[in-house]
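The values are calculated or read from the model by the stated rules, or taken from the named source; none is laboratory data. Note that the structure is predicted; figures quoted are calculated from it, not measured. Here the Cβ is made from the backbone with ideal geometry for all residues, glycine too, and neighbour counts use every protein chain on show. Only protein heavy atoms, including side chains, enter the accessible area calculation; ligands, DNA and RNA are left aside. Shrake-Rupley method; radii C 1.70, N 1.55, O 1.52, S 1.80 Å.
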Amino acid sequence: MRKVFITAIILGSMISCKTEGEKSENEAVAQDSVKADEFVYMTEQFADLKIIRYQVSSFDKLSAQQKELAYYLYQVSLSGRDIIYDQNYKHNLVVRKALENVVANYQGDRTTLDWEAFMTYTKRVWFSNGIHHHYSTAKLKPGCSRGFFDTVISETNTQLDGKIVDVLFDDSTDMKRVNLDPEKDLIAGSANNFYEDGITQEEVEAFYKAKIDSKDETPISYGLNSTLIKDENGELTEDVWKVGGRYSAAIEKMVFWLQKAVAVAESEEQKKGFELLIKYYQTGDLKVWDEYNIKWAGTTGDVIDYINGFIEVYGDAMGYRATYESIIQIKDFDASERMKVLQDNVQWFEDNSSIAQNHKKENVTGVTYKVVNAVIESGDAAPSTPIGVNLPNANWIRAKHGSKSVSLGNIVEAYSLAGGSKMLEEFCYSDEEYQRSKKHGKMASKLHTALHEVVGHASGKLEAGIGTPKETLKSYASTLEEGRADLVALYYLLNPKLIELGLMETLEIGKAEYDSYIRNGLMAQLRRIEKGEIIEEAHMRNRQMVAGWVYEKGQAENVIEKKQKEGKTYFVINDYEKLQVLFGELLSEIQRIKSQGDYEAGKNLVEGYGVQVDEAIHAEVLERSEKLNIAPYGGFINPRLVAEEKEGKIVNVTIEYPTDFSDQMMEYAKNYSWL
């Protein structure tokens, strides 16, 4: 629950393009042959997706030891790739391998519309790490006919059970990977593979109620790294993801490469962190996971850093089980130093927040923030990636030992350089709003991300005796937490303190982010869902909840006005200062809900403002967006690290930039299919 994803309005500002002099689509480009103005960022667009590339400009500045370390961690990341496919859905690996066998071996005509539709479906499965959409979690259906699908399966001697093919094409089975509808059983209604078929929400709640001591001030993350199954006696038990347990083959490979990383660690602290992570993967012990997170959070001086583990629980409607995720990164020292003032003043932000005094932390501990360049992303971080991360997730570790926040600078830059301004032109009401966004939008987005991660997730505390949000707020915990962190950022973006600290030059930057947030939350993000659907993804719910609440509460004073121009709808901010006050009021209420574990208030807030869609506005947004032909989602082709060995030892590591998404997916299938 600690990720920030680039918003739909920013994503929407990108336009598909081809650049003169682009390399052939199957050719990898070595770093030293690419000039900044020659690098091709956008490679293709299909369905609702666009594929982008990113550069790691600082890689050549690494020492030989640092490059070797990066290579080992690169291998760790990709070795766990299969895990998320199986976590997302029980048939995903079988389906993916079948599709890949067809792609590798089909000898028929690859120019037909049916083949194009088959390939689009295959690429969507790769992009989503399974057969359910990466964002909406709705089931993806093949665009080709059932007859053509059966033909290519048969002609390539591909093994795929007909009953599974039936599921791919029907409109009734396993339709949602994550079901957040409280009126339905959250487990039975979700197609993910975290719970054995037949287990109910009521059983899960009873199982963990018996295990969890709400008075424990240092609780483990119950259920984080296991599949809940029934034993031979019909009793619930956890099938732990570890060496010798579920996913052992992949985890063994991860441990193999982590052991190599130990030998070239940059510092003793980093080495100890690797050793604890290895111990955790070998034992599955969640107390060891806590020990590792404490060590990891306190290790801040290295150039190479990493995120690896079963981390985020968005994929489990119950909020217990985490998907596999890995990001390897290089610190951007110059950019990190410019933003250091934020972490140095985090206590000021806590003290001056709009939340109730008894919900403020007396001492905000160990918060660090840095800008990094991603080297490789895998699992839940790829191909669709966050632009900011704040970890660890355990509240007590964050309170006692601190946290690390990162902004993925080269990912943000790639999004920016791959884009255009058509969405802004379409959804900005006035030229003043448009010009403000063009001039200040990039900085506004960066500051929002930094404040969200560094200050937002680190702020506030629970009242004594209150359980963790996943226990008290249940399926609404993620939406409320992301809304809370967004509101911290929004509340301060119009505060002159940011100018005093040198973080921005003018409050126009804050206004640009207010414009963007309201545009996106009330309109632009709706292009991500199909007509007739409700909002189910946590980040989308959070944005509409916040924007919808302040719009309603400010109507008496016309703080935000719904306007029409040339038959088009716009939401225009008339009073930025009053909007800031409203953001502060909602922040205080959501913090109260979290601090007191007020489930009913949280449910009413999310269901009342974040879920239902204005059908007329939605239809208009879809119509206006369709004309722009801009995919609402973006994801990335990873760089490739290549090790040069001599007498069994790595003597050099180089970086390459593949240009074709399908080729990379087939390469990964060949080299990293461990399950």
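So if I check each of GLU513, GLU500, which one is touching a His at 6+ places or on another chain (Cβ under 9 Å), at negative phi and among the charged types (D, E, K, R)? Before the answer, list the steps.
On the way: GLU500 fails: touching a His at 6+ places or on another chain (Cβ under 9 Å).
Sole residue among the options that is touching a His at 6+ places or on another chain (Cβ under 9 Å), at negative phi and among the charged types (D, E, K, R): GLU513.
Consider segment 145-175. How many of its residues are small (Gly, Ala, Ser), within 16 Å of TYR121 (Cα to Cα) and within 33 Å of the chain's Cα centre (by Cα)?
Summing the residues that are small (Gly, Ala, Ser), within 16 Å of TYR121 (Cα to Cα) and within 33 Å of the chain's Cα centre (by Cα) in segment 145-175 gives 1.
Conditions first: (1) out of contact with any helix residue (DSSP H, G or I) (no Cβ under 9 Å at 6 or more places or on another chain); (2) open to solvent by 10 Å² or more (accessible area, probe 1.4 Å); (3) at pLDDT 95 or above. ALA399 passes all but one, so which condition is the exception?
(3)
Please find, among SER595, SER516, SER588, the residue that is within 29 Å of LYS474 (Cβ to Cβ), in contact with a Ser or Thr (Cβ under 9 Å, 6 or more places away or on another chain) and modelled with pLDDT of 95 or more.
Among SER595, SER516, SER588, only SER588 is within 29 Å of LYS474 (Cβ to Cβ), in contact with a Ser or Thr (Cβ under 9 Å, 6 or more places away or on another chain) and modelled with pLDDT of 95 or more.
Whether any residue in segment 152-167 is open to solvent by 40 Å² or more (accessible area, probe 1.4 Å), touching a Phe, Trp or Tyr at 6+ places or on another chain (Cβ under 8 Å) and without any contact (Cβ under 8 Å) to a residue 40 or more places away in the chain is what I want to check.
no
From the residues in segment 656-675 that are of a type in the set (A, V, I, L, M) and buried (at least 18 other Cβ atoms within 10 Å of the Cβ), which one is nearest to PHE39 (Cα to Cα)?
Once the filter is applied, the top-ranked residue is MET665.
Restrict the check to segment 55-70 and report whether at least one residue is modelled with pLDDT of 95 or more, open to solvent by 30 Å² or more (accessible area, probe 1.4 Å), within 22 Å of the chain's Cα centre (by Cα) and among the acidic types (Asp, Glu).
No - not one qualifying residue is present in segment 55-70.
Filter segment 636-655 for residues that are open to solvent by 50 Å² or more (accessible area, probe 1.4 Å) and either in contact with a Lys or Arg (Cβ under 8 Å, 6 or more places away or on another chain) or among the hydroxyl-bearing types (Ser, Thr, Tyr) (or both) and give the result.
ASN652, THR654
Of TRP257, TRP241, which residue is open to solvent by less than 40 Å² (accessible area, probe 1.4 Å), in contact with a Ser or Thr (Cβ under 7 Å, 6 or more places away or on another chain) and aromatic (Phe, Trp, Tyr)?
TRP241
Could we say that GLU203 is at pLDDT below 95 and out of contact with any helix residue (DSSP H, G or I) (no Cβ under 9 Å at 6 or more places or on another chain) here?
When the stated conditions are applied, GLU203 does not pass them.
With the requirement that a residue be crowded, with 21+ Cβ neighbours inside 10 Å and either touching a residue at least 24 places away in the same chain (Cβ under 8 Å) or among the charged types (D, E, K, R) (or both), what does segment 265-275 give you?
Within segment 265-275, GLN270, GLY273 qualify.
Does segment 403-429 hold any residues that are open to solvent by 20 Å² or more (accessible area, probe 1.4 Å), aliphatic (A, V, I, L, M) and out of contact with any Phe, Trp or Tyr (no Cβ under 8 Å at 6 or more places or on another chain), and which are they?
VAL412
Of all residues being out of contact with any Leu (no Cβ under 9 Å at 6 or more places or on another chain) and hydroxyl-bearing (Ser, Thr, Tyr) in segment 276-299, which is most open to solvent (accessible area, probe 1.4 Å)? Just the residue, please.
If we take residues in segment 276-299 being out of contact with any Leu (no Cβ under 9 Å at 6 or more places or on another chain) and hydroxyl-bearing (Ser, Thr, Tyr), then THR283 is most open to solvent (accessible area, probe 1.4 Å).
Does SER384 fit the bill of being closer than 24 Å to TYR306 by Cα and hydroxyl-bearing (Ser, Thr, Tyr)?
Details: closer than 24 Å to TYR306 by Cα: yes; hydroxyl-bearing (Ser, Thr, Tyr): yes.
It is true that SER384 is closer than 24 Å to TYR306 by Cα and hydroxyl-bearing (Ser, Thr, Tyr).
Looking at segment 244-263, I want the residues that are under 17 Å from ASP82 (Cα atoms) and part of a helix (DSSP H, G or I) and have a partner that is of a type in the set (D, E, K, R) and open to solvent by 50 Å² or more (accessible area, probe 1.4 Å) with Cβ atoms under 8 Å, at least 6 apart or on another chain. Which pairs are those?
Close Cβ pairs (under 8 Å, with a partner that is of a type in the set (D, E, K, R) and open to solvent by 50 Å² or more (accessible area, probe 1.4 Å)) amount to SER248/LYS242; ILE251/LYS242.
In this structure, is THR365 buried (at least 18 other Cβ atoms within 10 Å of the Cβ), in contact (Cβ under 8 Å) with a residue 12 or more places away in the chain and among the hydroxyl-bearing types (Ser, Thr, Tyr)?
no
Restricting to segment 207-243, what's the tally of residues that are touching a residue at least 60 places away in the same chain (Cβ under 8 Å), on the phi < 0 side of the Ramachandran plot and assigned to a loop (DSSP other than H, G, I, E, B)?
11
Give segment 430-471 a look and list any residue that's closer than 30 Å to LYS209 by Cβ, in a helix (DSSP H, G or I) and open to solvent by 20 Å² or more (accessible area, probe 1.4 Å), or say none.
LYS470, GLU471
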